[in-house]
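Below is one structure, written out as structure tokens, with a few remarks after it.
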Amino acid sequence: MSNPRYKRIVLKLSGEALAGEQGYGLSPEVVKSVASQVKEVVGLGVEVAVVVGGGNIWRGKVGSEMGMDRTTADYMGMLATVMNSLALQDALEKLGPETRVMSSIDMRQVAEPYIRRKAIRHLEKNRVVIFAAGTGNPYFSTDTTAALRAAEIEADVILMAKNNVDGVYSADPMKDANATKYLELSYLEVISQGLEVMDSTASTLCMDNDIPLVVFSIMENGNIKKAVLGEDIGTVVRRNK
């Protein structure tokens with residue numbers, strides 16, 4: 001059996017990644033593929049927590065730009081992450097792994113409330129824990145949720161799975177043919193250069209708590225396992241290079 005580099009991980013999935021090529025809603029094929037890859041990692045003995053975005057259903061920023069109250073728009077976005085989390089839970093449990101959805105917003109009919117010690121206990125029992133509803137507060141992204149939860153549960157790494165890029169680039173590779181891919185960066189470089197890896201709050205949290213970040217493409221099957229094994233895919237961001 002291959003030896004994982006990391007014992008406990010936080011997998012950050014964007015909502016757009018679950019939408020697949022259609023760009024909105026949920027792609028059953030993509031959700032099943034992600035669930036299958038997570039199952040593969042669980043089979044290695046790795047403790048897996050997942051944070052899912054909600055941009056495939058609703059983005060708080062869009063609502064705010066429409067003139068909606070920012071707080072209301074952000075809470076709608078949190079509810080979208082709950083829908084994605086339940087879809088991923090269903091796909092995972094059809095494949096075998098025990099799964100728990102823990103929500104930052106109280107909705108006991110569909111998810112457990114987030115309690116740090118209970119989340120850690122679930123992980124120790126080899127259950128996949130899906131953190132839903134962001135931090136439970138407006139004005140914070142799911143990137144920040146991933147950084148916060150990783151610090152709380154003492155995760156070894158955050159694996160940031162992207163659907164449109166395979167790492168961190170100097171510019172948007174879809175718009176700039178001269179964009180170059182970074183293999184390794186420090187958080188200070190990410191913040192000072194304004195690289196769109198995660199928002200500055202999340203980057204600062206990771207830097208202050210010395211949590212490494214691996215940015216890679218989710219579109220290639222098996223990449224989550226490769227990242228867990230420490231293979232050279234994507235871009236690694238650390239406190240110090």
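Tabulated data
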{"read-out": "Qualifying helices (runs of 4 or more DSSP H) (wholly inside the range 136-233; at least 2 residues being within 13 Å of the chain's Cα centre (by Cα) and aliphatic (A, V, I, L, M))", "value": "142-152"}
{"read-out": "Residue list for the range 20-33, filter: in contact with a Ser or Thr (Cβ under 8 Å, 6 or more places away or on another chain) and surrounded by 15 or more Cβ atoms within 10 Å (Cβ to Cβ)", "value": "GLY20"}
{"read-out": "Tally, over the range 196-225, of residues that are surrounded by 19 or more Cβ atoms within 10 Å (Cβ to Cβ) and under 26 Å from VAL34 (Cβ atoms)", "value": "14"}
{"read-out": "Residue under evaluation THR71, criteria (1) under 17 Å from the mean Cα position of the chain (by Cα); (2) in a helix (DSSP H, G or I); (3) polar (S, T, N, Q), criterion not met", "value": "(1)"}
{"read-out": "Selection status of SER186, modelled with pLDDT of 90 or more, touching a Lys or Arg at 6+ places or on another chain (Cβ under 6 Å) and surrounded by fewer than 17 Cβ atoms within 10 Å (Cβ to Cβ)", "value": "yes"}
{"read-out": "Count of residues meeting criterion [assigned to a helix (DSSP H, G or I), without any contact (Cβ under 8 Å) to a residue 24 or more places away in the chain and among the small types (Gly, Ala, Ser)] in the range 41-68", "value": "2"}
{"read-out": "Residues of the range 34-74 that turn out to be touching a Pro at 6+ places or on another chain (Cβ under 9 Å), more than 26 Å from ASN221 (Cα to Cα) and surrounded by 14 or more Cβ atoms within 10 Å (Cβ to Cβ), as a count", "value": "4"}
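The values are calculated or read from the model by the stated rules, or taken from the named source; none is laboratory data. Given the structure is predicted, the values throughout are model-derived calculations rather than measurements. For neighbour counting, all protein chains shown are included, and Cβ atoms are generated from backbone atoms with ideal geometry for every residue, glycine included.
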